[in-house]
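Working notes, beginning with the structure itself.
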Amino acid sequence: MVHIIRDAERKLGKRSPLEINHIFRRCIKKLYCIDTIRKFEIWLDKFDKLYIIHYPQQRKPNMSSIKPETHPNWYRDVPKMKCLVLGSYPPHEKRRHYPFYYPNSTNRFWSILAKIAKKELAYTKKLTGKEQLKAVEERYEIMRLLNVGVQNIGLEIKRKDDSADDNKITIEKFQNILSIIKKHNELEKILLPGYSAPSSTARAFLRYLDSENILYEIKDIKANAEFSINVFGRKIKCVILNSTSRRAGSVTEADLLKQFKRHLV
């Protein structure tokens, strides 16, 4: 970033504001790949003015394929919550096999937790209405056995088509994660499976912390990275894990089991 600014400053001389803006636009084109940012602000000491430099406009998406969604009220509290596992947002309604977190049976999340709890999952897919409710209860029982809470970060989102890909959703409003932390003094750890996409669990959680003005320090957003937050006079450890989605095919279920077991046992 610094070398881009200096390169622009060398070209400034006695230029008009319009020319200066044009020079900076040209110099920061190298940064346009960060497509989630539309403007870059920089203070020019030699000019008593804040110039707002816009990135080149990306092609506008087809808005007819982008629809808003609100998260279903699935939250089930756990009496003794030692660990809280967060997700980003559930897949599209037509891809859900039961009305609960990680509701697609192809996702390996519940399979992993069931193995840690030494329980068999009886209800997975092609379920009747009553069986779907039983699927929720058997998963809630696993949460109670492991003293694990589960919640998603997104409360309101916009989704492109019916994709389950985190790259195709944008979180517009967050769940109240702090309320869970406040209620459970025994909570020691937050697990964040998934970190690659802009709306992945780890990256969405960091944005949530920013929105709540909660300080944190993390060097790299990657699997097994750890950081801490201080809230309500307590220190909570946060750990980034690999995604349990089968899209993360390079990570085996055995590897995921080892990661989760390290923090849940």
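For the condition within 22 Å of Arg144 (Cα to Cα), among the aliphatic types (A, V, I, L, M) and under 18 Å from the mean Cα position of the chain (by Cα), what is the one hit in Leu241, Leu209?
Within the list Leu241, Leu209, the selection yields Leu241.
Among the residues of the range 104-114, is there at least one that is within 21 Å of Leu192 (Cα to Cα), part of a loop (DSSP other than H, G, I, E, B) and in contact with a Gly (Cβ under 7 Å, 6 or more places away or on another chain)? So that I can check it myself, show each step before the final result.
Taking the range 104-114 first, the residues within 21 Å of Leu192 (Cα to Cα) are 104-114.
This time we only want the ones that are part of a loop (DSSP other than H, G, I, E, B), so: 104-108.
Filter once more, so that each one left must be in contact with a Gly (Cβ under 7 Å, 6 or more places away or on another chain): none.
Among the residues of the range 104-114, not one is within 21 Å of Leu192 (Cα to Cα), part of a loop (DSSP other than H, G, I, E, B) and in contact with a Gly (Cβ under 7 Å, 6 or more places away or on another chain), which makes the answer no.
Taking the range 244-261 as the search range and keeping residues that are assigned to a loop (DSSP other than H, G, I, E, B) and among the small types (Gly, Ala, Ser), which one is surrounded by the most Cβ atoms within 10 Å (Cβ to Cβ)?
Ser245
Across the range 171-188, what is the number of residues that are surrounded by fewer than 17 Cβ atoms within 10 Å (Cβ to Cβ), of a type outside the set (Asp, Glu) and either touching a residue at least 24 places away in the same chain (Cβ under 8 Å) or assigned to a strand (DSSP E or B) (or both)?
5
Which numbered condition in (1) touching a strand residue (DSSP E or B) at 6+ places or on another chain (Cβ under 6 Å); (2) among the basic types (Lys, Arg); (3) under 23 Å from Trp74 (Cβ atoms) is the only one that Arg247 fails?
Condition not satisfied by Arg247: (1).
Would you point out which residue out of Asp210, Asp165 is under 23 Å from Lys222 (Cβ atoms), loosely packed, with under 15 Cβ neighbours inside 10 Å and touching a residue at least 60 places away in the same chain (Cβ under 8 Å)?
Asp165
So which of Leu206, Leu241 ends up being aliphatic (A, V, I, L, M), at pLDDT 95 or above and more than 20 Å from Phe109 (Cα to Cα)?
Leu206
Within the range 229-241, does at least one residue satisfy the condition of being in contact with a Lys or Arg (Cβ under 9 Å, 6 or more places away or on another chain), in a loop (DSSP other than H, G, I, E, B) and surrounded by 14 or more Cβ atoms within 10 Å (Cβ to Cβ)?
no
The values are calculated or read from the model by the stated rules, or taken from the named source; none is laboratory data. For clarity, every value in this text was computed on a predicted model and none was experimentally measured. FYI the Cβ positions are ideal-geometry reconstructions off the backbone, even for glycines, and counts take in every protein chain you see.
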